[in-house]
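One structure coming up, written as structure tokens, with questions to follow.
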Ligand code: ADP
Ligand code: MG
């Protein structure tokens with residue numbers, strides 16, 4: 001689960017990690033009031049959306065007067081920000097964070113994540129901060145260090161390795177060790193799956209400060225973090241994904257043309273791969289899961305039929321615990337309110353496949369039947385092209 005920058009900074013602050021002082025503002029008046037309360041001479045007005053790359057897209061404004069803060073807030077609130085991470089549609093800005101403007105001496109990249117290879121929490125650091133880390137990884141991978149924390153805490157030698165790699169000297173080596181320990185504790189205590197500071201800065205006064213913060217909570221651990229669940233901002237999430245999650249469906253919207261309904265995450269991935277191999281792209285990932293009900297299948301079909309990016313639907317069910325007749329019944333229920341406005345290709349095999357096919361055929365639905373996944377993907381890609 002994602003949260004906003006200002007929320008991530010509040011969590012960091014709780015754990016003693018230095019962050020710039022700032023205030024949330026939901027209106028232009030609140031932005032100007034926030035600036036007054038913060039005091040100082042330079043402020044930064046930052047659009048709060050669940051995506052990075054805001055600086056380059058004009059979502060981070062440096063201001064030197066109340067008039068500039070007001071103008072920035074007026075401009076940003078309600079506007080749609082398109083960044084490298086939002087996709088073409090962009091994201092609407094509903095919240096602003098007004099921060100004290102800090103004097104930046106140097107910028108670093110630092111993140112924490114769960115390294116699946118070593119099964120440890122790992123730091124990823126780079127002296128090339130404030131930049132697109134994927135680009136750094138592609139062009140100058142030697143500027144990135146990944147260090148898995150061996151024990152329960154960051155050891156002295158581990159923090160020294162990181163500080164040296166970042167080129168820190170003198171007092172900052174000690175400050176870095178303290179910071180790393182606090183970040184590690186934040187990440188573990190809050191069950192993070194990712195914590196990213198890009199940039200982590202050294203100020204003109206020589207202090208290490210988290211200038212930007214992104215925190216992703218491990219969704220599987222949310223049951224023990226009601227305080228993080230409270231931070232969820234539904235405006236930032238895809239309404240289709242919210243709807244699907246209410247029915248226990250694993251649904252992720254993508255940008256292709258073939259709507260997929262599959263059981264099992266592995267089969268769903270394979271289905272998406274084969275669609276690509278046949279020359280199109282999936283419009284979604286959808287795993288209906290094992291114990292799926294007719295109502296949930298119905299909901300899933302409605303999601304696919306009401307998505308105007310979807311040009312064809314591919315149903316790929318390998319019935320085990322999932323019964324093919326449940327899938328067929330869900331389809332019949334869905335078309336009562338959402339007509340089958342795109343071609344549907346079905347591959348139904350396994351438990352109750354005969355019953356499932358019979359239900360669809362008896363209803364007189366114009367469905368194209370496929371014998372295997374290869375053929376199903378071929379049919380779906382052709383159907384999406386109107387063939
Ligand atoms: P994003 O990663 O979405 O572009 P950041 O929070 O990293 O957003 O901000 C982009 C850039 O704006 C930073 O690299 C930094 O140069 C500048 N910036 C952000 N916050 C501040 C601040 N409080 N004081 C001074 N400069 C800032
Ligand atoms: Mg950033």
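The values are calculated or read from the model by the stated rules, or taken from the named source; none is laboratory data. Fair warning: this is a prediction, and the values are worked out from it, not measured in the lab. As a convention, Cβ positions derive from the backbone with ideal geometry for all residues, glycine included, and neighbour counts pool all protein chains shown.
Restricting attention to the range 20-46, report how many residues are within 15 Å of ligand 1 (Cβ to nearest atom) and part of a loop (DSSP other than H, G, I, E, B).
Let us first name the residues in the range 20-46 that are within 15 Å of ligand 1 (Cβ to nearest atom), namely 20-25, 31, 34-35, 38-46.
Checking which are part of a loop (DSSP other than H, G, I, E, B) leaves us with 20-21, 39-42.
Matching residues across the range 20-46 total 6.
For the range 49-62, does any single residue satisfy the condition of being more than 14 Å from ligand 2 (Cβ to nearest atom), at pLDDT 95 or above, more than 27 Å from residue 194 (Cα to Cα) and exposed (fewer than 15 other Cβ atoms within 10 Å of the Cβ)?
For the range 49-62, residues more than 14 Å from ligand 2 (Cβ to nearest atom), at pLDDT 95 or above, more than 27 Å from residue 194 (Cα to Cα) and exposed (fewer than 15 other Cβ atoms within 10 Å of the Cβ): present.
To continue, here is another question. Please give the number of the condition residue 122 fails out of (1) over 22 Å from residue 22 (Cβ atoms); (2) in a strand (DSSP E or B); (3) within 11 Å of ligand 1 (Cβ to nearest atom).
(3)
Restricting to the range 138-195, count the residues that are over 22 Å from residue 106 (Cα atoms), outside any helix (DSSP H, G or I) and touching a helix residue (DSSP H, G or I) at 6+ places or on another chain (Cβ under 7 Å).
Number satisfying all stated conditions: 5.
Determine if the range 149-158 includes at least one residue that is without any contact (Cβ under 8 Å) to a residue 60 or more places away in the chain, within 16 Å of ligand 2 (Cβ to nearest atom), within 27 Å of residue 191 (Cβ to Cβ) and surrounded by 17 or more Cβ atoms within 10 Å (Cβ to Cβ). Walk me through how you get there before you give the answer.
The initial filter retains those residues of the range 149-158 that are without any contact (Cβ under 8 Å) to a residue 60 or more places away in the chain, namely 149-158.
Cutting the leftovers down to within 16 Å of ligand 2 (Cβ to nearest atom) gives us none.
The answer is no; no qualifying residue exists.
Please verify whether the range 227-243 includes one or more residues that are farther than 30 Å from residue 306 by Cβ and either assigned by TED's automatic domain parsing to the domain that holds residue 93 or surrounded by fewer than 12 Cβ atoms within 10 Å (Cβ to Cβ) (or both).
We begin by selecting, within the range 227-243, every residue farther than 30 Å from residue 306 by Cβ; these are 227-228, 230.
Cutting the leftovers down to either assigned by TED's automatic domain parsing to the domain that holds residue 93 or surrounded by fewer than 12 Cβ atoms within 10 Å (Cβ to Cβ) (or both) gives us 227, 230.
Among the residues of the range 227-243, at least one is farther than 30 Å from residue 306 by Cβ and either assigned by TED's automatic domain parsing to the domain that holds residue 93 or surrounded by fewer than 12 Cβ atoms within 10 Å (Cβ to Cβ) (or both), which makes the answer yes.
Counting residues that are away from ligand 1 (no atom under 16 Å from the Cβ), which strands (runs of 3 or more DSSP E) fully inside the range 210-295 reach at least 3? Steps first, please.
Numbers: elements: 214-217, 250-253, 258-262, 284-287.
Once the strands (runs of 3 or more DSSP E) in the range 210-295 are filtered for at least 3 residues that are away from ligand 1 (no atom under 16 Å from the Cβ), what remains is 250-253, 258-262, 284-287.
Moving to a separate point now. Can you confirm whether residue 62 is under 19 Å from residue 131 (Cα atoms) and either assigned to a loop (DSSP other than H, G, I, E, B) or more than 15 Å from ligand 1 (Cβ to nearest atom) (or both)? Can you show your working first?
On the way: under 19 Å from residue 131 (Cα atoms): yes; either assigned to a loop (DSSP other than H, G, I, E, B) or more than 15 Å from ligand 1 (Cβ to nearest atom) (or both): no.
Against the criterion (under 19 Å from residue 131 (Cα atoms) and either assigned to a loop (DSSP other than H, G, I, E, B) or more than 15 Å from ligand 1 (Cβ to nearest atom) (or both)), residue 62 does not qualify.
Identify all residues within the range 77-103 that are more than 13 Å from ligand 1 (Cβ to nearest atom), in contact with a strand residue (DSSP E or B) (Cβ under 6 Å, 6 or more places away or on another chain) and either without any contact (Cβ under 8 Å) to a residue 24 or more places away in the chain or not in a strand (DSSP E or B) (or both); write none if there are none. Let's see the steps before the verdict.
Residues of the range 77-103 more than 13 Å from ligand 1 (Cβ to nearest atom): 77-80, 87-90, 92, 94-95.
Right, trim to in contact with a strand residue (DSSP E or B) (Cβ under 6 Å, 6 or more places away or on another chain) and you get 80, 90, 92.
Listed by number, the residues that qualify are 80, 90.
Quick one: which of 288, 381 is under 31 Å from the mean Cα position of the chain (by Cα) and at pLDDT below 95?
288
Checking residue 53 against (1) over 19 Å from residue 27 (Cβ atoms); (2) part of a helix (DSSP H, G or I), only one condition comes out false. Which one?
Unmet for residue 53, out of (1) over 19 Å from residue 27 (Cβ atoms); (2) part of a helix (DSSP H, G or I): (2).
Now a separate question. As an exercise: evaluate residue 14 against (1) over 26 Å from residue 254 (Cα atoms); (2) away from ligand 2 (no atom under 16 Å from the Cβ); (3) touching a helix residue (DSSP H, G or I) at 6+ places or on another chain (Cβ under 9 Å); (4) outside the structural domain of residue 226 (by TED's automatic domain parsing) and give the number of the one condition it does not meet.
(4)
Taking the range 299-314 as the search range and keeping residues that are touching a strand residue (DSSP E or B) at 6+ places or on another chain (Cβ under 6 Å) and touching a residue at least 60 places away in the same chain (Cβ under 8 Å), which one is surrounded by the most Cβ atoms within 10 Å (Cβ to Cβ)?
314
Would you mind stating whether residue 176 is within 22 Å of residue 2 (Cα to Cα) and more than 16 Å from ligand 1 (Cβ to nearest atom)? Please lay out each step first, then the result.
Details: within 22 Å of residue 2 (Cα to Cα): no; more than 16 Å from ligand 1 (Cβ to nearest atom): yes.
Here the answer is no, as residue 176 does not meet what is asked.
Now a separate question. If residue 251 passes every condition in (1) under 21 Å from the mean Cα position of the chain (by Cα); (2) closer than 30 Å to residue 93 by Cβ; (3) touching a residue at least 60 places away in the same chain (Cβ under 8 Å) but one, which one does it miss?
Result: residue 251 fails condition (3) only.
Which members of the range 1-17 meet the condition of being part of a loop (DSSP other than H, G, I, E, B) and within 12 Å of ligand 1 (Cβ to nearest atom)? Lay out the reasoning, then the answer.
We begin by selecting, within the range 1-17, every residue part of a loop (DSSP other than H, G, I, E, B); these are 1, 3-4, 15-17.
Scanning the range 1-17 gives a single hit, 4.
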